[in-house]
Amino acid sequence: MEFVKPELEYAELLPLIIVLGGACVGVALEAFLPRGTRRLPQVGLALVTVVAALVATVVVGIGLDDHTGAAGGEGRGLVGAMGSIVVDGPTVYLWGLLLVFALGGVALFAEQRLEGGVSAFTGQAAALPGSENEREASTRGLEHTEVYPLLLFAVAGMLLFPASGDLLTMFVALEILSLPLYLLCGLARRRRLLSQEAAMKYFLLGAFASGFFLYGAALVYGYAGTVNFAGINEAVRAGSANHGLLLAGIGLLAVGLLFKIGAAPFQAWTPDVYQGAPTAVTAFMSAGTKVAAFGALLRLLYVAFGGERWSWQPMLWVIAIASMVLGAVLSVVQTDVKRMLAYSSIAHTGFILVGVLGVQSAGELADGQYTSLEGVLFYLTTYGFATLAAFALVTLVRDAGGESTGYDHWAGLGRRSPLTAGAFAVLLLSMAGIPLTAGFVGKWAVFTSAMSAGAWPVVFVAIASSVVGAWVYVRHIRLMFFTDGDGRSVGTVTRPSVLTTGTIAVGVVLTVALGVVPGPVLDLVTTAGDFIR
């Protein structure tokens, strides 16, 4: 057997290498620095790592045209790491988006002014809730600075997920992405039992979903004789007598990915985890995980199983409708802001899946319409900024016990803090899809793409679900501006540091700007092109 020397395209893979290297350095800092001196080096390292990776991503994107045709197929870019990682236009766009969200995540993780001078993360994760050890750690102001290398490892998994060129790499990325998040969800300083319950639910259900994904990969390998997406695509187009094996594999792979995006009927973890996790983790996870998982889902369906579109498309019809209806209806009965945003996330997952059902080729569309990939990328951009800023605002409303997420605590917030309530109202209006907000343009892009593909029944359900969701958002705006609190349970707005303020400001400004002037970002997603096939 002849040995083949592996070759890596270090320049094109530099963003991934930087993030993984920064995470490893963060682990070394935890090992060698005294506990009381770790925070500033860890925060600085995380910020420098993410910014450096973002700069490297821009450089890779600028030089992407030099690799046009290198893959021998559609799209521009290259297949690197011996066929395991694909760096093309959509990959680079998703990398940039994820790294921007990671910057917001680092800023929210580093916030210390909201808990009496300490962070929102527990000082002793191994201590039993309510025990003497936990009280002692809290009194000493200890915190787990391991959250920063865990964040970087999660970001590395998110970057690798949509760039995977085969099923094994995608599974590795799925685990690198998931395992740090399982830990981060259980590290809340307040409501420790709720946080630990959230982490346990997320871990157990995530483990089952990973098992489904791996079993699906085995079945697809049995059908195609390869785990490489290009090879699977060739086998699908060539046809085989084992068509049932292929369909079973697609179904099991879909379970693993649909779990990560929080689509029905695999959404059960979302409300509990969003509510129980530290809100900074919820903010980062809600934006980053959805972007990475949708990128992976699109690559899997469009590249590996593009020739089997008529088999998986009906499944997505059902899942999109179920996600929109369930998310919109159950958000009506919520009395907690974080749970309301969680069910809103499920509904938005359905809206994005509507875009996945759209026309894939630009040549099949009329002028002014966008392909399914372009519509989904733009929607992920608008939703990511809105949800990141929304959860950042949730951290500001507090009472003596910590964050006040109950509806009654938000009553009359517009009178006590009109700026905070106004910013939250703008984000809710965008999620509702009101014109002159980014959410309206995002929904228009995915709905028109789906209509062009003949999926008008799904679009009809999406419009009806949007109306129900708009009522939920407007009801909360009315609660903040036109309802008086009872004087006992109202929450107060704390003054955040420049880190949280900057995250909120960027999210709100971009939400408005992309609604008024969406052209530059729409042009950017169009320029990103298509996946390498």
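So the values come out like this:
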quantity: Positions within region 275-310 being small (Gly, Ala, Ser), within 21 Å of Asn242 (Cβ to Cβ) and either crowded, with 22+ Cβ neighbours inside 10 Å or modelled with pLDDT of 90 or more (or both), in sequence order; calculated: Ala304
quantity: Residues being surrounded by fewer than 19 Cβ atoms within 10 Å (Cβ to Cβ) and outside any helix (DSSP H, G or I) - total across region 189-227; calculated: 4
quantity: Flag if Thr395 is modelled with pLDDT of 95 or more, β-branched (Val, Ile, Thr) and under 19 Å from Met285 (Cα atoms); calculated: no
quantity: Selected residue (criterion: farthest from the chain's Cα centre (by Cα)) from residues of region 280-310 that are of a type in the set (Ser, Thr, Tyr) and farther than 15 Å from Gly358 by Cα; calculated: Thr282
quantity: Which numbered condition Thr503 misses (of (1) closer than 25 Å to Gln334 by Cβ; (2) more than 20 Å from the chain's Cα centre (by Cα)); calculated: (2)
quantity: Qualifying residue in region 228-244 (condition: touching a strand residue (DSSP E or B) at 6+ places or on another chain (Cβ under 7 Å) and over 29 Å from Trp269 (Cα atoms)); calculated: yes
quantity: Elements of type helices (runs of 4 or more DSSP H) contained in region 56-168, each with 3 or more residues being modelled with pLDDT of 75 or more; calculated: 89-110, 147-160
quantity: Answer from Ser323, Ser372 - the residue that is modelled with pLDDT of 95 or more, more than 15 Å from the chain's Cα centre (by Cα), under 22 Å from Val461 (Cα atoms) and surrounded by 24 or more Cβ atoms within 10 Å (Cβ to Cβ); calculated: Ser323
quantity: Helices (runs of 4 or more DSSP H) contained in region 436-533 and holding at least 3 residues farther than 25 Å from Lys338 by Cα and among the hydroxyl-bearing types (Ser, Thr, Tyr); calculated: 438-452
quantity: Flag if Gly414 is modelled with pLDDT under 90 and of a type outside the set (A, V, I, L, M); calculated: yes
quantity: Test: residue in region 510-520 that is more than 21 Å from Ala389 (Cβ to Cβ), crowded, with 16+ Cβ neighbours inside 10 Å, in contact (Cβ under 8 Å) with a residue 40 or more places away in the chain and hydroxyl-bearing (Ser, Thr, Tyr); calculated: no
quantity: Condition met for Arg237 (on the phi > 0 side of the Ramachandran plot and among the basic types (Lys, Arg)); calculated: no
quantity: Residue match in region 496-512 (condition: within 20 Å of Gly61 (Cβ to Cβ), at pLDDT 85 or above and not β-branched (Val, Ile, Thr)); calculated: yes
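Residues checked against (1) under 24 Å from Leu380 (Cβ atoms); (2) buried (at least 20 other Cβ atoms within 10 Å of the Cβ); (3) within 21 Å of the chain's Cα centre (by Cα):
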{"position": "Asp408", "(1), (2), (3)": "no, no, no"}
{"position": "Leu413", "(1), (2), (3)": "no, yes, no"}
{"position": "Ala432", "(1), (2), (3)": "yes, yes, yes"}
{"position": "Ala438", "(1), (2), (3)": "yes, yes, yes"}
{"position": "Val459", "(1), (2), (3)": "yes, yes, no"}
{"position": "Ser465", "(1), (2), (3)": "yes, yes, no"}
{"position": "Val493", "(1), (2), (3)": "no, no, no"}
{"position": "Val498", "(1), (2), (3)": "no, no, no"}
{"position": "Gly507", "(1), (2), (3)": "yes, yes, yes"}
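The values are calculated or read from the model by the stated rules, or taken from the named source; none is laboratory data. What you see is a predicted model; the values in this text were computed from it and never measured. Glycine also receives a Cβ, built like all others from the backbone with ideal geometry; neighbour counts cover every protein chain displayed.
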